[in-house]
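One structure is given below, encoded as structure tokens.
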Amino acid sequence: MLVIENLHAEVEGEPILRGLNLEVGTGEVHAIMGPNGSGKSTLSYILSGKEDYDITQGSITYKGDNLFDMSIDERAAAGIFLAFQYPIEIPGVAAMTFLKTALNAQRITRGEDELTTPAFMKLVKEKTAALNIRPEMLRRSINVGFSGGEKKRFEILQMALLEPSLCILDETDSGLDIDALQLVAEGVNRLRSPERSMIVITHYQRLLNHIIPDRVHVLSAGKVVRSGGKELAMELEKNGYAEYEDQKINAA
């Protein structure tokens, strides 16, 4: 699904990623953990196509194609989805209008017919029921007046409708209480499938109690410095990131 080799990236001449290597197989869930400033969010932004970063070395292959040859729109149509750490509010843009526009834009890009309004409404009804999302939430503007948990669940609904091949969850547990975290994790787990890969970026092991990863990677100083199974997350929860902060200082 995704192969990253020796990736170097910088912002305004400041190196952020320093030789990152990562391979995510189809249907796998990989967790990326690490201290602040290690490059976790930078990786998510580069994968989704944010243009603030200069790639100075390395490659990313997605489904056998060079990701750097694809625009943001092309990446989205090809099945890459980024769930933001802090979803923004968009006053005046109705949630349902946004969902229908996004879904049909991707269908058009893939050469498929647009969904009619009745077909779209039926699909939304099915997805909201499966994810335990209240219909009245969709009558508001995007994320306006939403709680932290509602914002994250709205992103999960987007994922359910768009059916991406690669889901990147950038600290989706940020700002959630225990109940909201469990609801969001349940929604994510409903979307796991043999055809869909996920990258879960988080500081804390608690999210991984609910979303069990196939592999866990520690990112420090802009590269993966250790990989393992889910037990690695437990070790990080116990010992913290002190030894990796030291690596970060040495790299700087």
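Express the relative contact order of the chain as a whole percentage, based on alpha carbon pairs under 8 Å and six or more residues apart in sequence.
29
Going by how many other beta carbons lie within 10 Å of each one, how would you line up Tyr86, Tyr241, Tyr204, fewest first?
With the fewest neighbours first, Tyr86, Tyr241, Tyr204 line up as Tyr86, Tyr204, Tyr241.
Mind giving me the nanometre distance, one decimal, between the label points for Arg190 and Glu237, set 7 Å out from Cα along Cα→Cβ?
About 2.5 nm separates the two model spin labels.
Counting each DSSP H run of 4 or more residues in the chain as -39500 (n - 2.57), what helix-only mean residue ellipticity at 222 nm follows after dividing by all residues, to the nearest 500 deg cm²/dmol?
Calculated at 222 nm, the ellipticity per residue is -11000 deg cm²/dmol.
How far, in nm, would the chain grow between Val144 and Glu51 when pulled straight, counting 0.36 nm per residue and subtracting the alpha carbon separation?
30.8 nm
Enumerate by residue number the GluC sites (Glu not before Pro) in segment 131-209 meeting two conditions: DSSP loop (anything except H, G, I, E, B), and at most 15 other Cβ atoms within 10 Å of the site's Cβ.
Of the GluC sites (Glu not before Pro), the ones in loops of segment 131-209 whose Cβ has at most 15 other Cβ atoms within 10 Å are Glu195.
Taking neighbour counts of Cβ atoms within 10 Å as a proxy for exposure, in what order, fewest first, do Leu99, Leu43 appear?
The order, fewest Cβ neighbours first, is Leu99, Leu43.
With θ taken as phi - 60° and the coefficients 6.51, -1.76 and 1.60, list the Karplus ³J(HN,Hα) couplings across segment 15-20 in order, rounded to whole Hz; mark glycine and proline as x.
After applying 6.51 cos²θ - 1.76 cosθ + 1.60, I find x, 10, 9, 10, x, 7 Hz.
Quick test of the membrane-span-like rule: which DSSP H helices of the chain reach at least 20 Å along their long axis (C-alpha atoms) with mean Kyte hydropathy at least 0.0?
Those that clear 20 Å and a mean of 0.0 are 95-109, 117-131.
Sort Met159, Met234 so that the residue with the fewest other Cβ atoms within 10 Å of its own Cβ comes first and the one with the most comes last.
In increasing order of surrounding Cβ atoms, one gets Met234, Met159.
Quick check: pseudo-label points 7 Å beyond the Cα along Cα→Cβ at Asn21 and Thr116, how many nm apart are they?
Computed distance between label sites Asn21 and Thr116 equals 5.4 nm.
Where a number appears in this text, it was derived from the coordinates with a stated rule and is not lab data. Here the structure is a predicted model, which means the values were calculated and not measured. Cβ atoms come from the backbone with ideal geometry, glycine included; neighbour counts cover every protein chain shown.
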